[in-house]
2 protein chains.
Amino acid sequence: MTPETIGIVVNSVGRTGVLHQLTGVIARHEGDITSVDILGNWPEAARTYFEVLLPGDLEGLVADLRSLPIVRSVEVVKSLQTIYGKRIIIMGGGAQVGQVAIGAVSEADRHNIRGEHISVDTIPLVGEQKLADAVRGVARLPRAKALVLAGSLMGGEIETAVREVRAQGLLVISLNMAGSVPEAADLVVTDPVQAGVMAVMAVADTAKFTVERLKRRVF
Amino acid sequence: MTPETIGIVVNSVGRTGVLHQLTGVIARHEGDITSVDILGNWPEAARTYFEVLLPGDLEGLVADLRSLPIVRSVEVVKSLQTIYGKRIIIMGGGAQVGQVAIGAVSEADRHNIRGEHISVDTIPLVGEQKLADAVRGVARLPRAKALVLAGSLMGGEIETAVREVRAQGLLVISLNMAGSVPEAADLVVTDPVQAGVMAVMAVADTAKFTVERLKRRVF
């Protein structure tokens, strides 16, 4: 039996080394931490969220966390993976990003109603270096599965970043635009609404759409 | 002088207790961990991302992380806070969420061009309990500053969740809709594009718009 992912929020004092102490307790319970977020970190108080695959007893882990002198309270909550699920990231110019979002949100709605968990995240950005940094950053975003580049002109360092994140397993869809990014992407889609829909279909388990099985890559 | 936030990606073996060992090294260097993400956690390999406020020497910290037997490599990267910045979260029905996103993305574009860092994240969802869970989950999302509820009917448990996250400091904007959620929100906005624009203006340091100074809360 695969252990369930458990969400835990720990309220503690705020101090260097808090995470080290908390993770020590989780490690002693052989909990496998699949996600962690620091929700707040002030001089007086810290709030930390863990998702843990726990082979053993949840009550024992919670009791041991509570017994740490730095800990004020512990709450067991639903995991973010369960709530927000897979993420599609859309970045580029405001006009195009908004249209791609329309397609992606509508399509995610249809799949989420059937039991999927897909969210659609966007960032409007301008500039080669900022976009290249943001593309590389997607590989560090938890639960990100696909990236849609929505602009009129992207190339240079952005193309290099696209090739890097594709090598790390991310699906990249580009609008049909000027510059070298379309050549570096998995798929090139001309209509922004269609690009958003295809991005969601590609990551949804409830959709019959496999990028590898497509006969062409420009639409 | 406030120390700069540094992004560090650590590639290591995948094993229970990895995070405990890594955070131990950071604590010894008196690094204050402001954010952490587990990018991958497989039996053979793990990839962990930290944002650290470091009073001392970065090279020393990187060298000590590298010297751990579990660590394969360490990269210094740009922080996600620097790249993606503040987050606006939009949730509800696909039709409305898409329209709010149009407004929020266009407005974020205008502020990001002037030096802000605002991203717009969405999740289309249906059902009282799922939405209530997602609203409560926003308080656990890193960098989330405002929530827009975009639907035709929301109340009951969702209203309770809205009051909870507002008490935790989150700004909540509701579309003008049926149900009790509009009564519980900071602002009620009828036009979805306007709701998205106002959400971004409320969190942007580059905008002159303060919710507390508004003379009315329904638009």
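The values are calculated or read from the model by the stated rules, or taken from the named source; none is laboratory data. These numbers come from a predicted model, not from an experiment. Positions of Cβ are backbone-derived with ideal geometry, glycine not excepted, and every protein chain shown enters the neighbour counts. Only protein heavy atoms, including side chains, enter the accessible area calculation; ligands, DNA and RNA are left aside. Shrake-Rupley method; radii C 1.70, N 1.55, O 1.52, S 1.80 Å.
When Rg and Dmax are taken over the Cα atoms of the protein assembly as shown, they come to 21.2, 61 Å. Taking label positions 7 Å along the Cα-Cβ direction at both B:Thr160 and A:Glu164, the computed distance is 4.7 nm, reported to one decimal. Only Cα pairs under 8 Å and 6+ residues apart enter the sum, and on that basis the relative contact order of segment B:54-138 stands at 30 percent. When the alpha carbon gyration tensor of segment A:1-53 is reduced to an equivalent ellipsoid, its three semi-axes come out at 22, 12, 7 angstrom, largest first. Computed from label points 7 Å out along Cα-Cβ, the spacing between B:Glu59 and A:Ala45 is 4.1 nm. Sorted from greatest to least, the principal axis extents spanned by the alpha carbons of segment B:145-207 come out as 36, 26, 12 Å.
Considering every alpha-carbon pair of chain A, the percent of pairs per 10 Å bin, from zero through the bin containing the longest distance, is 8, 29, 25, 21, 14, 3, 0. For the options A:His29, A:His111, A:His20, a Gaussian network treatment of chain A with springs between C-alpha atoms closer than 10 Å singles out A:His20 as fluctuating the most. If you wrap the Cα atoms of segment A:1-126 in a convex hull and average its projected area over all directions, you get 10.2 nm².
State, as an integer percentage, the relative contact order of chain A based on alpha-carbon contacts under 8 Å between residues 6 or more apart.
Taking the mean separation of contacting Cα pairs over the length of chain A, I get 18 percent.
Sorting A:Leu187, B:Leu39 by solvent-accessible area of protein heavy atoms yields B:Leu39, A:Leu187, largest first, with a 1.4 Å probe.
Sorting A:123-135, B:141-153 by their mean Cβ neighbour count within 10 Å, with the most densely packed peptide first, gives B:141-153, A:123-135. Once the Cβ-Cβ distance of A:Thr190 and A:Glu75 is raised to the sixth power relative to R0 = 51 Å, the FRET efficiency obtained is 0.60. What is the antiparallel percent of DSSP beta bridges lying wholly in the protein assembly as shown, to the nearest 5? Of those bridges, close to 50 percent are antiparallel.
The value for segment A:113-219 of Rg(Cα) / (2.2 N^0.38 Å) is 1.02.
The trypsin sites (Lys or Arg not before Pro) found in segment A:151-219 that occupy coil by DSSP, while having at most 14 further C-beta atoms within 10 Å, are A:Lys208, A:Lys215, A:Arg216, A:Arg217. The mean number of Cβ atoms from other chains found within 10 Å of a Cβ in peptide B:128-135 is 2, as a whole number. Between A:Arg143 and B:Glu183, how high is the FRET efficiency from 1/(1 + (r/R0)^6) when r is the Cβ-Cβ distance and R₀ = 35 Å? Nearest 0.05. Once the sixth-power term is evaluated, E becomes 0.60.
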